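**Student:** I am attaching a structure below and will ask some questions about it afterwards.
Values in this text are rule-based calculations from the coordinates and carry no lab data. Since the structure is predicted, the reported quantities are computational estimates derived from the model, not experimental observations. When we count neighbours, we look across all protein chains shown, and the Cβ atoms used for this are built from the backbone with ideal geometry, even at glycine.
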Amino acid sequence: MKIRLNPIVKKDLHVTVRSMRLSWSLFAYEAALTVTFLLALLVIQQANSYMGQGNIYASLIYLFPTVAVAQVCIVALYVPIITASSISGEKERQTFDIMMTTCMSPFSIVFGKVCSAVLRILFFVAASTPIMALSFVVGGLSWINLFYYLLAVILFSVFAGSIGIFASAFCRKSVAAVLLSFVLYFVIFGLSFVPVFLRLLFGSGNGGESMLILLGNPAVFFEEFFMQIMTGESLFGRSGGSFDADDVGLITYILARGKLWMFASAACILLMAFLFMALAAWKVNPMHSGGGRRPAKKQA
Amino acid sequence: MLYINNLTKNYGSFTAVDRLNLHIPEGDLFGFVGPNGAGKTTTIRIVCGLLKASGGTVRVGGTNAAVGSKAMKRLIGYVPDFFGVYDNLKVREYMEMYGSMYGMTYRDIARLTDDLLELVNLSDKKEVYVDTLSRGMKQRLCVARAMLHNPRLLILDEPNSGLDPRARVEMKELLKNLRSMGKTIVISSHILSELAEMCNSIGIMNRGHLVAAGQIDDIMQQLAGGSRIHIHVLSETEAAVRLLKEQAKVRVESVRENDLIITHSGTEEEICALIGSLIQNQVILTDFHREEGSLESLFMQLTGGAQ
Ligand SMILES: Nc1ncnc2c1ncn2[C@@H]1O[C@H](COP(=O)(O)OP(=O)(O)O)[C@@H](O)[C@H]1O
Ligand SMILES: [Mg+2]
């Protein structure tokens, strides 16, 4: 069987590429990254001349995480905004109803929407790869890391997109959907630290398995990712060696070894993305949500 | 073709559709009439699988497919009452997108797109951006889109709202064409006379109830107990009145000089026969027409006044 592009992705690409907005947002994005790059360069140079010695090229390696973090932040902000308005946008036009009467399953509609947002952000990521590559050339990092980094960004944009689509399915208005996605961000990024803190404050110094919840936190994932790339070590210390088996639960202890945490975390994030999409698909299916919305009425 | 059985839809405590029973035979052009808020759109959305019914069943064709299942969706083409289009998308791409949503191959889509655009008279607009089309063209494009997967049942919700008279005529011609191609068509409207011209059967809905349904002529008679007819004769008024009074299904309402108004409770054929016998009896007719607007007054009477 021939693999076919999801019709929604194809349509969205047509529509996006022809819009003036894309050019402007691409420009703004490039500008933001370039400014970050130049600022980082300036800081590194200043620091170097201040210390008066050392090899400037060695410090330039830090250009990579700086620019990369900036990029990840932009992706984190932009992707949910695209997807959050996607389903509510179709609903406002009532084209969503027409889609639902075709043979597209709700999941493939939702998935198509996420894919087109990911592809759209990939335009940006691809356009900024030369800037990123520069930090590899002068910083002396292995090329393969650039590839891993791209994979991580794709993973993360799928995740961010699925949060947006989830919010979009549950909110009538696009603005509300965007707000809900950022609330979800706060829960996932911020509140997932709560068990660890509670354990540290009131526990007996033993972390237990409270850290496991952080597997689903993309911020921790990226910290670990950059740590591994820059130093070859885990956030949890050399090969997880800073933990004794008694300090933490057994599972955490095992996961903190080598690159295990990173992969487990990637799997968790992907799983969460899938869950968000599945929930969104369930929600938009009129056969499940009994209420049935009535779109804003036209002329009386 | 379409069987609706005891269909009910509640929005909270409000019943939008109340135990609706309806059967539409294959090949019908069925008009679904009712004032705004009667529950037409709700019924249609349920049939198309866009809304979950609170009770009752819907069957299409011989199939026992559940509402909203893929098998059911393949049988139905749906044109919603209001729809927007995408900016920056061409007519050809628009058709391609929906075609591939039915899993059709690009070659089939391209071939069908040509045929269907021809049918809806948009052949020259293939490479035009959809958002630049006029309202009537968009409406016809939407019909073409709904026909892409060759459904057996085509459902149009208020396709004439917002169209100018010319576009309405074009839409009417298009629907007649489609019917001659063997499609079963359901079309909703809040204007009875509009449907009476083209449908062969209608259902009248009010506040969630189906108040009348059947062949259009039957309904007309059933409702009014006949049609009001204006007759103008040149002379021989006496003879004409005498003749008319002899007819069983005719009631003479008023006679003023050479103008007569009667109500006739017979079929179209019997009305024709009446004209014939008038002429045979040397009555010279200069006018014989059904009272205009009587459809609307009937409709008002039936649906309990204006909303
Ligand atoms: N989502 C909804 N929630 C509550 N009431 C609704 C909803 N959708 C429709 N209704 C009500 O149901 C009734 C029937 O609406 P509708 O089917 O759109 O009528 P029609 O298409 O015949 O004009 C109306 O009184 C309308 O206010
Ligand atoms: Mg309606």
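**Student:** From the residues A:59, A:82, A:160, which one has its Cα farthest along the dipole of region A:22-285 in the positive direction, the dipole being from +1 and -1 charges on Cβ of Lys/Arg and Asp/Glu about the Cα centre?
**Tutor:** Farthest along the dipole direction, towards plus: A:82.
**Student:** A further question on this structure: Which lysines, if any, have their Cα less than 19 Å from the Cα of residue B:52, not counting same-chain residues under 8 positions apart?
**Tutor:** Counting by Cα, and skipping residues close in sequence, residue B:52 has these lysines nearby: A:91, A:283, B:9, B:40, B:70, B:73.
**Student:** Enumerate the aspartates and glutamates that residue B:90 could reach by cross-link, defined here as Cα to Cα under 15 Å, with residues fewer than 8 away along the same chain left out.
**Tutor:** A:12, B:114, B:124, B:127, B:131
**Student:** A further question on this structure: Given points 7 Å out from each Cα along the Cα-Cβ axis, report the residue B:87 to residue A:282 separation in nanometres with one decimal.
**Tutor:** 3.6 nm
**Student:** Do the sum for the protein assembly as shown: with -39,500 (n - 2.57) for every DSSP H run of n ≥ 4, divided by all residues, what is the mean residue ellipticity at 222 nm, to the nearest 500 deg cm²/dmol?
**Tutor:** After summing the helix terms and dividing by the residues of the protein assembly as shown, the value is -17500 deg cm²/dmol.
**Student:** In terms of modelled amide H atoms, which long-range or inter-chain residues lie less than 5 Å from the amide H of residue A:257?
**Tutor:** Under 5 Å from the amide H of residue A:257: no residue qualifies.
**Student:** Using each residue's phi in region A:84-90, evaluate 6.51 cos²θ - 1.76 cosθ + 1.60 at θ = phi - 60° and report the 3J(HN,Hα) Karplus result to the nearest Hz, with x for Gly and Pro.
**Tutor:** Running phi through 6.51 cos²θ - 1.76 cosθ + 1.60 with θ = phi - 60° gives 4, 8, 6, 6, 5, x, 5 Hz.
**Student:** What distance in nm lies between label points placed 7 Å from Cα along the C-beta direction at residue B:164 and residue A:107?
**Tutor:** Between residue B:164 and residue A:107, the label points sit 4.9 nm apart.
**Student:** Over all alpha-carbon pairs in region A:65-152, figure out the percentage whose distance exceeds 16 Å.
**Tutor:** Roughly 61 percent, rounded to a whole number.
**Student:** Let me ask another. Order by neighbour count: B:101, A:227, B:1, fewest other Cβ atoms within 10 Å first, most last. Working shown, then result.
**Tutor:** Working: B:101 24, A:227 16, B:1 19.
Arranged by neighbour count, lowest to highest, B:101, A:227, B:1 become A:227, B:1, B:101.
**Student:** At a threshold of 8 angstrom on Cα-Cα distance, excluding pairs fewer than six apart, so keeping six or more, what relative contact order does chain B reach in percent?
**Tutor:** Contact order relative to length: 20 percent.
**Student:** Which ordering of B:126, B:183, B:90 is given by a fewest-first count of other beta-carbon atoms within 10 Å?
**Tutor:** Neighbour counts put them in this order, fewest first: B:126, B:90, B:183.
**Student:** Please get the size of the charge dipole for the protein assembly as shown, origin at its Cα centre, with Cβ charges of +1 on Lys and Arg and -1 on Asp and Glu, quoted in debye to the nearest 20.
**Tutor:** 1080 debye
**Student:** Which value in Å does the Kirkwood hydrodynamic radius of region A:22-285 take, with 1/r averaged over all unlike C-alpha pairs and then inverted?
**Tutor:** Taking every pair of different Cα atoms in region A:22-285, averaging 1/r and inverting gives 20.2 Å.
**Student:** Can you work out ³J(HN,Hα) from phi for every residue in region A:102-118, in order, using Karplus 6.51 cos²θ - 1.76 cosθ + 1.60 and θ = phi - 60°, giving whole Hz and x for Gly and Pro?
**Tutor:** My calculation for region A:102-118 gives 8, 7, 5, 7, x, 5, 6, 5, 4, 5, x, 5, 5, 4, 5, 5, 5 Hz in order.
**Student:** At what distance in nm do the modelled label points of residue B:284 and residue A:30 sit from each other, each positioned 7 Å from its Cα along Cα→Cβ?
**Tutor:** Roughly 8.8 nm, to one decimal.
**Student:** Looking at chain B, send over the antiparallel percent of its DSSP beta bridges, to the nearest 5. It would help to have the intermediate numbers written out before the result.
**Tutor:** Values: 36 of 54 bridges.
If we restrict to bridges inside chain B, about 65 percent are antiparallel.
**Student:** Let me have the relative contact order for region A:19-170, percent, based on Cα pairs under 8 Å that are six or more residues apart.
**Tutor:** It comes to 39 percent, rounded to a whole number.
**Student:** Please work out how much length the chain gains when fully extended from residue A:5 to residue A:126, using 0.36 nm per residue of separation minus the C-alpha to C-alpha distance, in nm with one decimal.
**Tutor:** Full extension of this stretch gives 41.5 nm more.
**Student:** Next question, about the same structure. Antiparallel versus total DSSP beta bridges in the protein assembly as shown: what percent is that, nearest 5? Intermediate results must be reported in sequence, preceding the final value.
**Tutor:** On the way: 37 of 56 bridges.
Taking every DSSP beta bridge with both residues in the protein assembly as shown, the antiparallel ones total about 65 percent.
**Student:** Taking amide H positions as placed 1.01 Å from N in the peptide plane, with prolines and chain starts having none, which residues 5 or more places from residue B:30, or on another chain, fall under 5 Å of its amide H?
**Tutor:** Sorted by chain and number, the residues that satisfy this are B:185, B:186, B:187.
**Student:** Over all directions, how big on average is the projection of the convex hull of the alpha-carbon atoms in region B:102-234, in square nanometres? Intermediate values should be presented prior to the final figure.
**Tutor:** On the way: hull surface 47.7 nm².
Reported value for the Cα convex hull: 11.9 nm².
**Student:** Measure of size requested: the Rg and Dmax of chain B, with Cα atoms as the atom set and Å as the unit; please supply both.
**Tutor:** Values for chain B (Cα only, Rg and Dmax): 22.9, 72 Å.
**Student:** Another question, if that's okay. Give the Cα extents of the protein assembly as shown along the principal axes, in whole Å, largest first.
**Tutor:** Result, largest extent first: 125, 53, 42 Å.
**Student:** Can you give me the relative contact order of region B:186-289 as a percent, contacts being Cα pairs under 8 Å and 6 or more apart?
**Tutor:** Once normalised by length, the contact order is 26 percent.
**Student:** Still on this model: Taking θ as phi - 60°, what are the ³J(HN,Hα) couplings along region B:168-177 by the Karplus curve (6.51, -1.76, 1.60), each to the nearest whole Hz, with x for Gly and Pro?
**Tutor:** 5, 4, 4, 5, 5, 4, 4, 5, 5, 4
**Student:** Now for a different question. Among B:159, A:121, A:272, pick out the residue whose Cα is farthest towards the positive end of the charge dipole of the protein assembly as shown, where Lys and Arg carry +1 and Asp and Glu carry -1 on C-beta, about the Cα centre.
**Tutor:** A:272
**Student:** If one computes the Cα centroid of region B:79-106 and of region A:64-84, what distance in Å separates the two points?
**Tutor:** Between the Cα centre of region B:79-106 and that of region A:64-84, the gap is 32 Å.
**Student:** Same structure again: Assign one of three labels to region B:1-129, namely rounded, prolate or oblate, based on the Cα gyration tensor with a ≥ b ≥ c the square roots of its eigenvalues; rounded applies when a/c is under 1.5, prolate when it is not and a/b is larger than b/c, and oblate otherwise.
**Tutor:** Here region B:1-129 falls in the prolate category.
**Student:** Arrange the following residues from fewest to most other Cβ atoms within 10 Å of their Cβ: B:188, A:49, B:123.
**Tutor:** Ranking B:188, A:49, B:123 by Cβ neighbours within 10 Å, fewest first, gives A:49, B:123, B:188.
**Student:** Considering only B:205, B:181, B:137, give the residue with the highest GNM mean-square fluctuation for chain B, with springs between Cα atoms whenever their separation is below 10 Å.
**Tutor:** B:181
**Student:** Continuing with this model, one more query. List the residues whose amide H sits under 5 Å from the amide H of residue B:2, counting only those 5 or more places along or on another chain, with H placed 1.01 Å from N in the peptide plane.
**Tutor:** Residues meeting the criterion, in which the H sits 1.01 Å from N, are B:24, B:61.
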